[in-house]
1. What residue, among those in segment 176-221 that are part of a strand (DSSP E or B) and at pLDDT below 95, is surrounded by the fewest Cβ atoms within 10 Å (Cβ to Cβ)?
2. Tell me, which residue of segment 116-127 that is in contact with a strand residue (DSSP E or B) (Cβ under 6 Å, 6 or more places away or on another chain), over 16 Å from residue 230 (Cα atoms) and in contact (Cβ under 8 Å) with a residue 60 or more places away in the chain is surrounded by the most Cβ atoms within 10 Å (Cβ to Cβ)?
3. Kindly indicate the residue of segment 270-302 that is touching a helix residue (DSSP H, G or I) at 6+ places or on another chain (Cβ under 8 Å), closer than 18 Å to residue 182 by Cβ and surrounded by fewer than 22 Cβ atoms within 10 Å (Cβ to Cβ) and also modelled with the highest pLDDT among those meeting that condition.
4. Can you find even one residue in segment 250-259 that is out of contact with any strand residue (DSSP E or B) (no Cβ under 8 Å at 6 or more places or on another chain), farther than 22 Å from residue 76 by Cβ and either touching a residue at least 12 places away in the same chain (Cβ under 8 Å) or outside any loop (DSSP other than H, G, I, E, B) (or both)?
5. Which fully enclosed strands (runs of 3 or more DSSP E) of segment 17-103 have 2 or more residues being more than 24 Å from residue 156 (Cβ to Cβ) and under 22 Å from the mean Cα position of the chain (by Cα)?
6. Let me confirm something: among 55, 133, which residue is buried (at least 19 other Cβ atoms within 10 Å of the Cβ), without any contact (Cβ under 8 Å) to a residue 40 or more places away in the chain and closer than 30 Å to residue 38 by Cα?
7. I want to confirm something. Restricting to segment 70-109 and keeping residues that are in contact with a helix residue (DSSP H, G or I) (Cβ under 6 Å, 6 or more places away or on another chain) and in contact (Cβ under 8 Å) with a residue 40 or more places away in the chain, which single residue is surrounded by the fewest Cβ atoms within 10 Å (Cβ to Cβ)?
8. The conditions are (1) surrounded by fewer than 15 Cβ atoms within 10 Å (Cβ to Cβ); (2) closer than 21 Å to residue 104 by Cα; (3) in contact with a strand residue (DSSP E or B) (Cβ under 7 Å, 6 or more places away or on another chain), and residue 159 fails exactly one of them. Which is it?
């Protein structure tokens, strides 16, 4: 689980963000001040990495919104997800018009797409639910990488570009959109997870948008997984990278089934046209998750 150099945090913030360093190093009590809930620590070493890292405060989030402190720590969460394949041309259509972000292929003519649901019970932005659709991508690939299944993805430039990321928290939506350009809109979201699967649901404007169901094929062997990744997004025509150091306990692999049902809301229409593979390439059910979202970084124009 790697993280950017501490000295670059403030200087690398996306253009237009007004940030200041308020502490030389972060601690969980400080980053979670005023937040309710109970910690569920999966790996203490994850949060030990806050030592020696500066705490930044970013304001300008609008009327009634307090400044946000970075990094954002999450000490209790759960998540489920399913990765499918779609035709390569459909993956390109969901990405911004740039050659810097290249979809990750799983066969010569098909790319990967992930549907997921996350429930944050305690974190720096308070509790919220999130349902997302993300494409695994490579940044500035020198050559088109060979097709590989998810279990063999190792390239450090690999990250996730989120095509949709609705949440049920106004503060989470505002922070994600203004700091990194994430497509966070507010909807009615729920995430229910058990040992053998779960369901994530989203509705907007009183209309169903999406439902994700994951069911494991047998009682899973619970293991700890390093889920660290990079999140790529667009803000004012520039690419933003947010590093996510993340660890979870549960199942991640091919032994399971998943279905994605899309409703008639207008935001679901482009997703409803996707030609998903009949079976998922990978499913995940992780009942215990910890995470650190580091400060977003401006990495140049598209």
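1. 207
2. Per the criteria, the residue is 117.
3. Filtering first and then ranking leaves 297.
4. Looking for residues that are out of contact with any strand residue (DSSP E or B) (no Cβ under 8 Å at 6 or more places or on another chain), farther than 22 Å from residue 76 by Cβ and either touching a residue at least 12 places away in the same chain (Cβ under 8 Å) or outside any loop (DSSP other than H, G, I, E, B) (or both), one finds none in segment 250-259, hence no.
5. Here the list reads 55-58, 68-70, 72-87.
6. So the residue among 55, 133 that is buried (at least 19 other Cβ atoms within 10 Å of the Cβ), without any contact (Cβ under 8 Å) to a residue 40 or more places away in the chain and closer than 30 Å to residue 38 by Cα is 55.
7. Here the answer is 83.
8. (1)
The values are calculated or read from the model by the stated rules, or taken from the named source; none is laboratory data. Bear in mind the structure is a predicted one, so any value in this text is a computation, not a measurement. Don't worry about glycine lacking a Cβ; one is built from the backbone with ideal geometry, like all the others, and counts go over all protein chains shown.
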